[in-house]
Amino acid sequence: MSRAPNQILVFPLRQHTKVIFEYAIFKRADAACWQGIAGGGEGDETPLQAARREAWEEGGIPLDAEFMALDSMTTIPAVWAAGMLWGEEVLVVPEYSFGVRLQGREIALSREHSEYAWVDYKTALQRLKWDSNRSALWELNYRLMRLR
């Protein structure tokens, strides 16, 4: 299947108490940095379809889990996403962000990650390497706090 020129970012979450949420963050096996689940679209997948597939592949998250699309977006250099796969004219690709509820479900790590941790919002912000991850997590946490 061909690689689509887009990326996704997913943060699993669970509600610890009425006012406290925990987020799963993942330590990349090849770079030893913390991030959300990330990957690229395939074929004609929508960003949500890509997010569901990547969450299943990297975390064992059921395809029917409750996903929340976020407004947070960034662009990723194409060379980081897939080299120059789409030609020299495609320099950046959009990254779409999502949260996914995992109440009562566990994560099953793929080989892409050496470990994961359920952490509170402030701890996640301190550990995450990428600004785009921190922005998406801020939005997710803000939305959840407004909904409680």
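The values are calculated or read from the model by the stated rules, or taken from the named source; none is laboratory data. What you see is a predicted model, and the numbers here were worked out from it, not measured in a lab. A quick note on method: Cβ atoms are made from the backbone with ideal geometry, for glycine too, and the neighbour counts reach across all protein chains shown. Ligands, DNA and RNA are excluded from the accessible area calculation, which covers all protein heavy atoms including side chains. Shrake-Rupley method; radii C 1.70, N 1.55, O 1.52, S 1.80 Å.
Taking residues in the range 81-101 that are on the phi < 0 side of the Ramachandran plot and at pLDDT 90 or above, and partners anywhere that are open to solvent by 20 Å² or more (accessible area, probe 1.4 Å) and outside any strand (DSSP E or B), the pairs with Cβ atoms closer than 7 Å and at least 6 places apart or on different chains are Glu95/Ser132; Tyr96/Pro47; Val100/Glu66; Arg101/Glu66. Residue pairs whose Cβ atoms lie under 6 Å apart, sitting 6 or more positions apart in sequence or on different chains, and linking a residue in the range 20-47 that is over 15 Å from Ala81 (Cβ atoms) to a partner that is assigned to a loop (DSSP other than H, G, I, E, B) and among the small types (Gly, Ala, Ser), are Gly43/Ser2. When the residues of the range 102-124 are filtered to those that are of a type in the set (Phe, Trp, Tyr) and within 22 Å of Arg52 (Cβ to Cβ), which remaining residue is most open to solvent (accessible area, probe 1.4 Å)? Looking at residues that are of a type in the set (Phe, Trp, Tyr) and within 22 Å of Arg52 (Cβ to Cβ), I get Tyr116. Only residues that are open to solvent by less than 10 Å² (accessible area, probe 1.4 Å) and out of contact with any Asp or Glu (no Cβ under 8 Å at 6 or more places or on another chain) were counted across the range 41-50, and they come to 1. Of the residues making up the range 18-34, those that are open to solvent by 60 Å² or more (accessible area, probe 1.4 Å) and closer than 29 Å to Arg146 by Cα number 3. Determine, yes or no, whether Asp30 is over 13 Å from the mean Cα position of the chain (by Cα) and either in a helix (DSSP H, G or I) or farther than 19 Å from Ala117 by Cα (or both). No; evaluated as a whole, the condition is false for this residue. Does Arg53 fit the bill of being more than 15 Å from Leu144 (Cβ to Cβ), of a type outside the set (A, V, I, L, M), open to solvent by less than 40 Å² (accessible area, probe 1.4 Å) and not in a strand (DSSP E or B)? Spelling it out, Arg53 is indeed more than 15 Å from Leu144 (Cβ to Cβ), of a type outside the set (A, V, I, L, M), open to solvent by less than 40 Å² (accessible area, probe 1.4 Å) and not in a strand (DSSP E or B).
You will find that of Gly87, Gly99, the residue that is more than 20 Å from Ile8 (Cα to Cα) and of a type outside the set (A, V, I, L, M) is Gly87 and no other.
The residues of the range 61-93 that are closer than 30 Å to Gly104 by Cα and either part of a strand (DSSP E or B) or open to solvent by 40 Å² or more (accessible area, probe 1.4 Å) (or both), listed by number, are Leu63, Asp64, Glu66, Phe67, Met68, Ala69, Leu70, Asp71, Ser72, Met73.
Every listed requirement among (1) farther than 22 Å from Lys129 by Cβ; (2) of a type outside the set (Asp, Glu); (3) at pLDDT 95 or above is met by Trp34 save one, (1). Taking interchain pairs and intrachain pairs at least six residues apart, which have beta carbon atoms under 7 angstrom, with the first residue in the range 117-134 and closer than 12 Å to Phe11 by Cβ and the second among the β-branched types (Val, Ile, Thr) and open to solvent by less than 90 Å² (accessible area, probe 1.4 Å)? Close Cβ pairs (under 7 Å, with a partner that is among the β-branched types (Val, Ile, Thr) and open to solvent by less than 90 Å² (accessible area, probe 1.4 Å)) amount to Val119/Ile25; Ala124/Ile25; Leu128/Ile25; Ser132/Thr74.
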